[in-house]
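*Asks:* Handing you this structure, nothing more for now.
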Amino acid sequence: MYNLQQRIEKIEYDIQETCDRIGRDRSDITVIAVTKEVSVARASELLEAGFEHLGENRPEVLLEKQETIQSGAVWHFIGNIQSRKVKDIINQIDYLHSIDRISVAKEIQKRADQPIDCFVQVNVSGEASKSGVTPAELNLFIEQAGAYDKVRIVGLMTMAPFTEDKDLIRSVFRSLRELRDEIAIQELPHAPCTQLSMGMSNDFIIAIEEGATHVRIGTALVGAESGEDA
């Protein structure tokens, strides 16, 4: 049985408890409600409940939701984006969490009306099933992205392996934080890189412990409508 208020209370409790325990401010953490598996009606319900940050991973679904939800939302595109699809969404979103190719940066430069806040997706775990630049490629990618003034690199993003091994998950998040710190210390005008997008329904507490500023929470918050398991 889906009960939004109960889910909100559980997630807020977990985030606040984690922040209190490790000495972080709750206000430093943005919860992105990942609405990719739910209807426009449920996305609207989340907005009404105070979750203005919504995440989508498919261009056509993003645009469909935006036809109904025309104000009040901050839109995060969290999926892999093909260069040819950039033109469809780039002026419809506030954040892109998945830039990992210079071809995408070129398309943003060509199509965006204004600078776009981007997270570079880094494949920290090295899994073949995951997109992203490798840690070894990251510095060169950041340097090359400096040629495109419509691309503002605000941080890094990664996905941990789907595993019960909490030590492995933690090591992936910690590695991303260390990579972020290496870039941030350079104080690059095009890449302030102060933020970390990491952590989902099953591992966001570990992500917060390791420095996440943005957590992407799907089923634990929004359910799935085809089956409401968290």
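The values are calculated or read from the model by the stated rules, or taken from the named source; none is laboratory data. None of the values given here were measured: they were computed from a predicted structure. Because the Cβ atoms are built from the backbone with ideal geometry, glycine has one as well, and the counts that use them run over all protein chains shown.
*Asks:* Please go through region 11-51 and give me each residue that is surrounded by 15 or more Cβ atoms within 10 Å (Cβ to Cβ), in a loop (DSSP other than H, G, I, E, B) and at pLDDT 95 or above, ordered by number.
*Replies:* ARG24, ILE29
*Asks:* Right, ALA160: of a type in the set (A, V, I, L, M) and in a helix (DSSP H, G or I) or not? So that I can check it myself, show each step before the final result.
*Replies:* On the way: of a type in the set (A, V, I, L, M): yes; in a helix (DSSP H, G or I): no.
Spelling it out, it is not the case that ALA160 is of a type in the set (A, V, I, L, M) and in a helix (DSSP H, G or I).
*Asks:* Can you tell me which residues in region 138-170 are over 21 Å from ILE78 (Cβ atoms) and surrounded by fewer than 16 Cβ atoms within 10 Å (Cβ to Cβ)?
*Replies:* Across region 138-170, the qualifying residues are ASN139, LEU140, GLU143, GLN144, GLY146, ALA147, ASP149, GLU164, ASP165, LYS166, ASP167, LEU168.
*Asks:* Answer yes or no: is there a residue in region 112-120 that is touching a Lys or Arg at 6+ places or on another chain (Cβ under 8 Å), in contact (Cβ under 8 Å) with a residue 60 or more places away in the chain and surrounded by 19 or more Cβ atoms within 10 Å (Cβ to Cβ). Reasoning before the result, please.
*Replies:* Of region 112-120, the ones touching a Lys or Arg at 6+ places or on another chain (Cβ under 8 Å) are 112, 114-118.
Next cut, in contact (Cβ under 8 Å) with a residue 60 or more places away in the chain only: none.
Within region 112-120, none of the residues are touching a Lys or Arg at 6+ places or on another chain (Cβ under 8 Å), in contact (Cβ under 8 Å) with a residue 60 or more places away in the chain and surrounded by 19 or more Cβ atoms within 10 Å (Cβ to Cβ).
*Asks:* Report, by residue number, each residue of region 54-66 that is without any contact (Cβ under 8 Å) to a residue 24 or more places away in the chain and crowded, with 20+ Cβ neighbours inside 10 Å.
*Replies:* LEU54, GLU56, ASN57
*Asks:* Considering each residue of region 191-210, count those that are crowded, with 18+ Cβ neighbours inside 10 Å, over 12 Å from the mean Cα position of the chain (by Cα) and in a loop (DSSP other than H, G, I, E, B), and give that number.
*Replies:* 3
*Asks:* Taking the stated definitions as given, is ALA207 in contact (Cβ under 8 Å) with a residue 60 or more places away in the chain and either under 27 Å from PRO115 (Cα atoms) or in contact with a helix residue (DSSP H, G or I) (Cβ under 6 Å, 6 or more places away or on another chain) (or both)? Don't jump to the end; show me each part of the working.
*Replies:* Details: in contact (Cβ under 8 Å) with a residue 60 or more places away in the chain: no; either under 27 Å from PRO115 (Cα atoms) or in contact with a helix residue (DSSP H, G or I) (Cβ under 6 Å, 6 or more places away or on another chain) (or both): yes.
Taking the combined requirement at face value, the residue does not satisfy it.
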